[in-house]
Ligand SMILES: Nc1ncnc2c1ncn2[C@@H]1O[C@H](COP(=O)(O)OP(=O)(O)OP(=O)(O)O)[C@@H](O)[C@H]1O
Ligand SMILES: [Mg+2]
Ligand SMILES: [Mg+2]
């Protein structure tokens, strides 16, 4: 079995994956798509599995597409990356399947955003369909802040960033929940606690990871959500709604797992390499 590890920026996660591949004596190549072009040819098809780890969503998506085209099994698949990489496409699948998502209105012009703000009511959340690490995810408390966000987003070069997901602000516990699923298994979940100078819980923004007891409702909601998008190795953000219970905020197709490992003690890279060896050797 031969594995390709697709990267652009090498984070601690990718270093741990390399270590796990070495420790478990799996043959692999690291392909840095920020440096190497990817040809549509048979030679690329020599890999059995590709672990897609590029930070850039488009690099991940297109790298997966080329590799899949040459017959390689990619984790995750091109379809999963295209859906999970876009929060509107994700909500579309989840909503249709009856899985709870934050009450959301999609608005595609400044005028329609103003209407969506009125319909949701302040305070509200406005975020673009693409992006990570909480970037551009905005808490808007009044119309003045709203107008500022609308103006700034209109200046973005990327059309997707001009689209607004206007969303209810789900608050109460000062935390959100992050889970990881591998194959059909829920590896675990942990809480990300919001720091005092923030309203978002991302570890990249200073959110502190702590252990969390997983109940049946959480497990069921998360596994269902991952199944709906066919995710193979994904992380899931869950918010706790005061009346509706667990709500799926988003799924991530290139999961970061530093905080997860810290809080749960579960060795994600070793588990992923074991999973791949079991499934593809
Ligand atoms: N509707 C909401 N209500 C309350 N908090 C929210 C809401 N949407 C987002 N947040 C907070 O902002 C954080 C970032 O939002 P979100 O997960 O949607 O963005 P992201 O950039 O895709 O994050 P990630 O780095 O996890 O990929 C969430 O983890 C949560 O703490
Ligand atoms: Mg995300
Ligand atoms: Mg998130």
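The values are calculated or read from the model by the stated rules, or taken from the named source; none is laboratory data. Since this is a predicted model, take the numbers as computed values, not measurements. Every residue, glycine as well, gets a Cβ built from its backbone with ideal geometry; the counts of neighbours run over all protein chains shown.
Does residue 20 satisfy being at pLDDT 95 or above, more than 21 Å from the chain's Cα centre (by Cα) and either buried (at least 20 other Cβ atoms within 10 Å of the Cβ) or in a helix (DSSP H, G or I) (or both)? It would help to see each step written out before you state the result.
Details: at pLDDT 95 or above: yes; more than 21 Å from the chain's Cα centre (by Cα): yes; either buried (at least 20 other Cβ atoms within 10 Å of the Cβ) or in a helix (DSSP H, G or I) (or both): yes.
When the stated conditions are applied, residue 20 passes them.
So is residue 75 within 14 Å of the chain's Cα centre (by Cα), assigned by TED's automatic domain parsing to the domain that holds residue 29 and more than 15 Å from residue 38 (Cα to Cα) or not? Quick ask: steps written out before the conclusion?
Numbers: within 14 Å of the chain's Cα centre (by Cα): yes; assigned by TED's automatic domain parsing to the domain that holds residue 29: yes; more than 15 Å from residue 38 (Cα to Cα): yes.
Taking the combined requirement at face value, the residue satisfies it.
Quick check on my filter: what residues within region 91-100 are within 18 Å of residue 130 (Cβ to Cβ) and either surrounded by 20 or more Cβ atoms within 10 Å (Cβ to Cβ) or without any contact (Cβ under 8 Å) to a residue 24 or more places away in the chain (or both)? Even if it seems obvious, please write down each step before you answer.
So in region 91-100, the residues within 18 Å of residue 130 (Cβ to Cβ) come out as 91-94.
Once the filter is applied, which keeps residues that are within 18 Å of residue 130 (Cβ to Cβ) and either surrounded by 20 or more Cβ atoms within 10 Å (Cβ to Cβ) or without any contact (Cβ under 8 Å) to a residue 24 or more places away in the chain (or both), region 91-100 yields 91, 92, 94.
Looking at (1) in contact (Cβ under 8 Å) with a residue 60 or more places away in the chain; (2) in a loop (DSSP other than H, G, I, E, B); (3) away from ligand 3 (no atom under 16 Å from the Cβ); (4) in contact with a helix residue (DSSP H, G or I) (Cβ under 9 Å, 6 or more places away or on another chain), find the lone condition where residue 166 falls short.
Status for residue 166: all satisfied but (2).
What's the total number of residues in region 248-258 that are surrounded by 21 or more Cβ atoms within 10 Å (Cβ to Cβ) and more than 10 Å from ligand 2 (Cβ to nearest atom)?
So the count comes out to 2.
Quickly run through region 23-52 and pick out the residues that are assigned to a loop (DSSP other than H, G, I, E, B) and modelled with pLDDT under 95. Break it down into steps so the answer makes sense when it comes.
The first filter runs over region 23-52 and keeps only residues assigned to a loop (DSSP other than H, G, I, E, B), leaving 24-26, 33-41, 47-48.
Result: 41, single match.
Mind checking which residues of region 195-233 are within 16 Å of ligand 3 (Cβ to nearest atom), more than 24 Å from residue 73 (Cβ to Cβ) and in contact with a helix residue (DSSP H, G or I) (Cβ under 6 Å, 6 or more places away or on another chain)?
Of everything in region 195-233, those that are within 16 Å of ligand 3 (Cβ to nearest atom), more than 24 Å from residue 73 (Cβ to Cβ) and in contact with a helix residue (DSSP H, G or I) (Cβ under 6 Å, 6 or more places away or on another chain) turn out to be 198, 203, 209.
Here's the yes/no breakdown for (1) without any contact (Cβ under 8 Å) to a residue 24 or more places away in the chain; (2) within 16 Å of ligand 2 (Cβ to nearest atom); (3) under 26 Å from residue 49 (Cα atoms):
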residue: 219; (1), (2), (3): no, no, no
residue: 260; (1), (2), (3): no, yes, yes
residue: 264; (1), (2), (3): no, no, no
residue: 278; (1), (2), (3): yes, no, yes
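Condition (residue is more than 16 Å from ligand 2 (Cβ to nearest atom), more than 19 Å from the chain's Cα centre (by Cα) and exposed (fewer than 15 other Cβ atoms within 10 Å of the Cβ)) applied to region 230-241: is it met by at least one residue? Spell out how you get there, then give the answer.
Residues of region 230-241 that are more than 16 Å from ligand 2 (Cβ to nearest atom), as a first pass: 230, 232, 240-241.
Adding the requirement that they be more than 19 Å from the chain's Cα centre (by Cα) leaves 241.
Checking which are exposed (fewer than 15 other Cβ atoms within 10 Å of the Cβ) leaves us with none.
No, region 230-241 contains no residue that is more than 16 Å from ligand 2 (Cβ to nearest atom), more than 19 Å from the chain's Cα centre (by Cα) and exposed (fewer than 15 other Cβ atoms within 10 Å of the Cβ).
Here are the criteria: (1) under 20 Å from the mean Cα position of the chain (by Cα); (2) touching a residue at least 24 places away in the same chain (Cβ under 8 Å). Tell me which single one residue 150 does not satisfy.
(1)
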